[in-house]
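K.L.:
A single structure is presented below for examination.
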Amino acid sequence: MKDIGELFDIRYPILQGGMAWVAEANLAAAVSNGGGLGVIAAGNADADYVRAQIRKARELTNEPFGVNVMLMNPAVDEIMRVLCEERVSVATTGAGNPGKYVQGLKEAGVKVVPVVSNVALAIRLERTGADALIAEGMESGGHIGELTTMALVPQIVDAVDVPVIAAGGIADGRGVAAAFMLGASGVQLGTRFLTATECTIAQPYKDRVLKAKDSDTVVTGRPTGHPVRVLKNRFTKEALALEKNPGLSLEEYETFLAGTLRAAVVDGDIEHGSLMSGQIAGLVKQEQPAAEIIRELFAGAAGIYRERALDWS
Ligand code: TUI
């Protein structure tokens, strides 16, 4: 099998999701020090912020790490330049097609790993030169596609030759083992790292994830064309009510959404904030250091491989 550990020069084949506002240098360095690939999220920030975070992460770890570029960010050209100048190990991308940036990044020695949510884009980006792909199912938190991880991962694995990293709905060793059974060469987790000790989000947000049940997430933002999975609260009740209003203008709705992620992450406003989280939050029960999370995930997966010798012959 294609080896993600070798590709990224990391011990365990795991990436931390590039969660906007959440995934800053502190969390990324902790994941990289734990043997995974930590990822700094550019989110909607400017290029100076991204450069400062890269330099901060370099002070906190000697291990490789990545930067996630959210392609709807208006500063995306400048951020891509920073990634090349700083010779970051890996660029992951989300919320769009990174095609026009792939060659430039690769020439600068940056490995390019786009998130894809369908087979057509996976095939296009492999041809463009992507080093690996993240197949992200709609169980994920934040901006999502249409397909589930279970359906998406094997179809992308069959369609491309580059390694495929599974994301969406994975939070323990069972999920990791399942992803590999579907043909993935690695996993990316976001929600589980939201409650890492080193994750600097406001405590009420962490506590809400730790208390979440299976059916506590909903999808908001459909009228904008960018559906976003979040934990239910007063904000989602109001958002979904607005979405049903036929008189709603897109501008009005976008004004309503503006700043709600920051409110959750920075201010800990769990009523009016957008608490992005995957469906698997119900499985996340304790705050733990990132390195411990990673060890537990792979010890769990390895145990399943040893114990479950299924025989239907
Ligand atoms: O990007 C994510 N998750 C995100 S981004 C984000 S910030 C945001 N906030 C509010 C509204 C929208 C975004 C929060 N969470 N995950 C990766 C991902 N990428 N999921 C889906 C996609 C995607 C969507 C369309 C990838 C490619 C794509 O291509 C469209 C095209 O141009 O072909």
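K.L.:
Is it the case, given these coordinates, that Ala122 is crowded, with 23+ Cβ neighbours inside 10 Å and closer than 26 Å to Val176 by Cα?
P.N.:
Here the answer is yes, as Ala122 does meet what is asked.
K.L.:
Scan segment 272-313 residue by residue and report those that are surrounded by 15 or more Cβ atoms within 10 Å (Cβ to Cβ) and farther than 29 Å from Gly173 by Cβ.
P.N.:
Gly273, Ser274
K.L.:
Of the residues Gly141, Gly99, only one is modelled with pLDDT of 95 or more, surrounded by fewer than 20 Cβ atoms within 10 Å (Cβ to Cβ) and within 13 Å of the ligand (Cβ to nearest atom); which?
P.N.:
Among Gly141, Gly99, only Gly99 is modelled with pLDDT of 95 or more, surrounded by fewer than 20 Cβ atoms within 10 Å (Cβ to Cβ) and within 13 Å of the ligand (Cβ to nearest atom).
K.L.:
Quick one: would you say Ala151 is crowded, with 19+ Cβ neighbours inside 10 Å, in the same structural domain as Gly99 (by TED's automatic domain parsing) and not in a loop (DSSP other than H, G, I, E, B)?
P.N.:
no
K.L.:
Sticking with this one: Could you grab me the full set of residues in segment 85-95 that are open to solvent by 30 Å² or more (accessible area, probe 1.4 Å) and either over 21 Å from Gln16 (Cα atoms) or out of contact with any strand residue (DSSP E or B) (no Cβ under 8 Å at 6 or more places or on another chain) (or both)?
P.N.:
The first filter runs over segment 85-95 and keeps only residues open to solvent by 30 Å² or more (accessible area, probe 1.4 Å), leaving 85, 87, 89, 95.
Passing the criteria: Glu85, Arg87.
K.L.:
If you don't mind, there's one more thing I want to ask. Which count do you get for residues in segment 92-130 that are out of contact with any helix residue (DSSP H, G or I) (no Cβ under 6 Å at 6 or more places or on another chain) and either hydroxyl-bearing (Ser, Thr, Tyr) or not assigned by TED's automatic domain parsing to the domain that holds Ala28 (or both)? Give the steps one after another, and end with the answer.
P.N.:
Of all residues in segment 92-130, those out of contact with any helix residue (DSSP H, G or I) (no Cβ under 6 Å at 6 or more places or on another chain) come to 92-98, 100, 103-107, 109, 111, 113, 115, 117-118, 120-121, 124-127, 130.
Filter once more, so that each one left must be either hydroxyl-bearing (Ser, Thr, Tyr) or not assigned by TED's automatic domain parsing to the domain that holds Ala28 (or both): 92-93, 117.
Here the count works out to 3.
K.L.:
Here's another thing I want to ask about it. It is to be established whether one or more residues within segment 26-41 are within 16 Å of the ligand (Cβ to nearest atom) and surrounded by fewer than 24 Cβ atoms within 10 Å (Cβ to Cβ).
P.N.:
Scanning segment 26-41, I find no residue that is within 16 Å of the ligand (Cβ to nearest atom) and surrounded by fewer than 24 Cβ atoms within 10 Å (Cβ to Cβ), so the answer is no.
K.L.:
Right, another one. What are the residues in segment 19-40 that are touching a residue at least 40 places away in the same chain (Cβ under 8 Å) and farther than 15 Å from Thr200 by Cβ, if any?
P.N.:
Asn33, Gly34, Gly35, Gly36, Leu37 - these are the residues of segment 19-40 that are touching a residue at least 40 places away in the same chain (Cβ under 8 Å) and farther than 15 Å from Thr200 by Cβ.
The values are calculated or read from the model by the stated rules, or taken from the named source; none is laboratory data. Here the structure is a predicted model, which means the values were calculated and not measured. We place every Cβ from the backbone using ideal geometry, glycine too, and count neighbours over all the protein chains shown. When the accessible area is computed, the model is the full protein with side chains, heavy atoms only, and any ligands, DNA or RNA have been set aside. Shrake-Rupley method; radii C 1.70, N 1.55, O 1.52, S 1.80 Å.
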